[in-house]
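Working notes for the structure below.
The values are calculated or read from the model by the stated rules, or taken from the named source; none is laboratory data. In this text the structure is predicted, and so the values were computed from the model without any measurement. Neighbour counts run over all protein chains shown; Cβ positions are idealised from the backbone, glycine included.
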Amino acid sequence: MIAPWVSETVLRCADWRSALAGLAQQLVREPGSAAAEARALELGAALEYVDPDGRRAIEVYALAGAEGEARALVLAEQLGWWDARARLHARGAARDPARLLDEAEAWWDADQPALAAQALAGVRAAAPTDLARRDDLAQLLTGKELLARAELIAARAEPATTASADTLVSAARFALAAGAVDEAQRWLEAAIVARPGHGLASQLLLRSLLATAPAKLRGFLRLRLDRLGPTAWLDALRTTALTLVATDHHRGYGLRLLRQALERAYQARLPSIPGHLAMWHVLAAQAAADRTRRELFDLVVAGLGATTTPVDRVWLGALATECCLRDAGTPILAAAYADMVAEHAPDHPTVADVLAAIAPDRGEEPAAPAPAPTVVERAPVAPGRAAPTTRPATVRIPVPTDQAAPAPAPAATAHPALRLPPLPRPASPRSAPALATGRPTPAPVRIPDWPVPPPVPEPAGAVPRSRRILIPIDVRLELADGSRTAGHSRDLSASGLYVVTLAAPAIGAEVGLVLSVPGPEPFMEDEYQVRARVARRDDEGLGLELLDASAALLTALAALAPA
C-alpha cells in the first residue's frame, strides 16, 4: 500500500503521478543510507500501486538496495522491459560475477547482441561454474546451428519440474533466433506449465504471439492464468492487459481486460489489489480521451463500496466528483462525492472546485447576509462502506437550496433531493469475461445507493440512428490505397461507429474494416469484416457508416448493447 509520508503528499494533489515523480526526484538527491533505502522501498511500492508506467517504480526500487533490486527485477520481467532487467543484472554482477550470465541473456532479449557479447566476455574472465549455460550463450551469439542447439537444450529439461522452466526458456531463445516460431512458442508454453506465473516466459510468449499469431491470445490468457491464486491471477491479468493497451492493434481488448480485473477484484473483496490505482489511471485517461468517462461510473461506485482505505476512497471519490461536475454538469451530485473526499483529504483540489461551483455569485457583496445553506448530512453507513473516520470533520460541502428543485424538507439522513434514480448498468458480460473455467464466480458486489449522474448528452448536431454501445473494441482499417492501420472504437452501434485513429481518408471514401467483437466465451473475440463509408472526420478519428453489415455482425452487436 502507500506509506503515510507518501500519502500526506498525494492526498493534497490532483495529479498523483506527478506528485510521486517529484518525491522520486527528491529521493535521488538524498545521500545513500539505510533510511534512504527504506524510503525508496516505500516510494517504489507507492509508484507500483498508482503509476501504470512501471519503469518509474523500477528506477526507485533500484535505489533500495538488494531488496529493492529484487523487486525491480520481478517487475522488469513481468512487464517485458529487458533493458532495465539487463542493467539491474549488471549492477548485481559487481557483487556476484555469476550474474553476468543473466546480464548477457537479458541483453540478448533486449535485441542488443553487442552488449550481450560484452557481458559474455566478462563471464569468461570470471570463470563461472555453469559452463553449459556459458557455452549455450556463446553458440547463440555465433548464429550457427541454432535449432539443433535448441533441441539439445530442451532435451536437458527434466519433465514436469519447476527447475526445467528456465532451461525451456533458453531453448526458446535459440528457436526464435532461428526463426522457428512455432517451436519457440511450444517451449515457452511448456515453461509456463512447469512454473505457473513465470514472468519471463509469459512476456516472451505474449510478444511472440502479438507479432505472429494474435488469434492465439485467448489460449495464452488461459495458460497464463491457470493454477494461480486470486491475487496472482489478478496481477497476471493486469500485466497482460497493460501490455495489450500499449499496442496499436489490441488496445480495446486490453482496456476490457483491465475493467474485468477491477470488477473481479471488487467482487472477490480482495484485501490487496496489485496496481489498483495504476489500472484506474489507464482506464480513466482513455475514457477521458474518448469522452466516455460516464460509462465508468458504475465501476467507480463498486470500487467505493469494496474498499476502505483512505487513499483508494479519495482517488475514486475525486473521479466520481469529476464525472458529476465536468461530464454530467451536476454540481449538486458532485457535492456528495466531494464530501467523501473531504473526509480524508480536505485540501484536495476537487473539494475546492465543488465549493466554487455551488457557491453563490461572488461578483458583488450582498446587501444583507445570505441565509445559511442547508447542509445535507451523511447517510448511515451501508454494508460494504467504510466506517466514518474518528477525525473531526474539517470540511462539509453545502448544497444551496436555491439550486435544488422544490422538495419536502430533507430528513437528517436523506440524500440530496435532486438525486436521480440509478441508471441501468451496462449489462454486458462480454465486456468483462468471466473467470477462467474451473474458478468459482464470487458473489456480486452490492452497489451502495449513492447519487448517479445523468447520461452525458449527445454532441451538438449528432443524429443517433440506433443504440450506442460504449465498449472499446479493436478495429483494423484498410484504406482505398491499400494501406492498413489500426485503432479502437469510441462508440459503435448497428449503423456505424467512431474509430480513434490517425488515418485521414476523405469524407465519403469507403474503407474496409475488421472488427474484433467480444464473444460469448471468456477472453474470446470474433472477427467480422465489413465495408464502411467515412461520414465525418476530426482530429481524433473517423465517424464511419456501416454499409453491408452481416446478420452475424448485427447479432453480435445486439448482444453487447445495454439492456
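Points to keep in mind about this one:
- Looking at A356, A338, just one residue is assigned to a helix (DSSP H, G or I) and touching a Gly at 6+ places or on another chain (Cβ under 8 Å), and that residue is A338.
- Residue tally, condition at pLDDT below 90 and either closer than 22 Å to T243 by Cβ or not in a helix (DSSP H, G or I) (or both), over the range 18-55: 4
- Residues (in a loop (DSSP other than H, G, I, E, B), over 22 Å from A552 (Cβ atoms) and not polar (S, T, N, Q)) located in the range 493-534: L502, A503, A504, P505, A506, I507, G508, A509
- Condition met for L141 (assigned to a helix (DSSP H, G or I) and touching a Pro at 6+ places or on another chain (Cβ under 7 Å)): yes
- Per-region count, the range 137-149, residues of a type outside the set (S, T, N, Q) and out of contact with any Leu (no Cβ under 9 Å at 6 or more places or on another chain): 5
- The set of residues from the range 79-90 being modelled with pLDDT of 90 or more and in a helix (DSSP H, G or I) comprises W82, D83, A84, R85, A86, R87, L88, H89, A90.
Residue by residue, here is whether (1) over 27 Å from D538 (Cβ atoms); (2) buried (at least 22 other Cβ atoms within 10 Å of the Cβ); (3) of a type outside the set (G, A, S) holds:
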residue: T240; (1), (2), (3): yes, yes, yes
residue: H250; (1), (2), (3): no, yes, yes
residue: R256; (1), (2), (3): no, yes, yes
residue: D290; (1), (2), (3): no, no, yes
residue: G303; (1), (2), (3): yes, yes, no
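- Candidate set: the range 170-187, residues that are small (G, A, S) and in a helix (DSSP H, G or I); chosen: the one farthest from the chain's Cα centre (by Cα): A178
- Residues satisfying the stated conditions in the range 203-242, i.e. basic (K, R), within 16 Å of G80 (Cα to Cα) and either in contact with a Cys (Cβ under 6 Å, 6 or more places away or on another chain) or in contact (Cβ under 8 Å) with a residue 60 or more places away in the chain (or both): R207
- Candidate set: the range 529-553, residues that are surrounded by fewer than 16 Cβ atoms within 10 Å (Cβ to Cβ) and over 25 Å from A289 (Cα atoms); chosen: the one nearest to the chain's Cα centre (by Cα): Q529
- Inter-residue pairs, beta-carbon under 6 Å, first closer than 15 Å to H488 by Cα and in the range 277-299, second in a helix (DSSP H, G or I) and among the basic types (K, R), 6+ apart: A287/R293
- Options D298, D312; residue that is in a helix (DSSP H, G or I), over 30 Å from G44 (Cβ atoms) and not aromatic (F, W, Y): D298
- Checking S208, S202 one by one, the residue that is surrounded by 24 or more Cβ atoms within 10 Å (Cβ to Cβ), outside any loop (DSSP other than H, G, I, E, B) and of a type in the set (S, T, N, Q) is S202 and no other.
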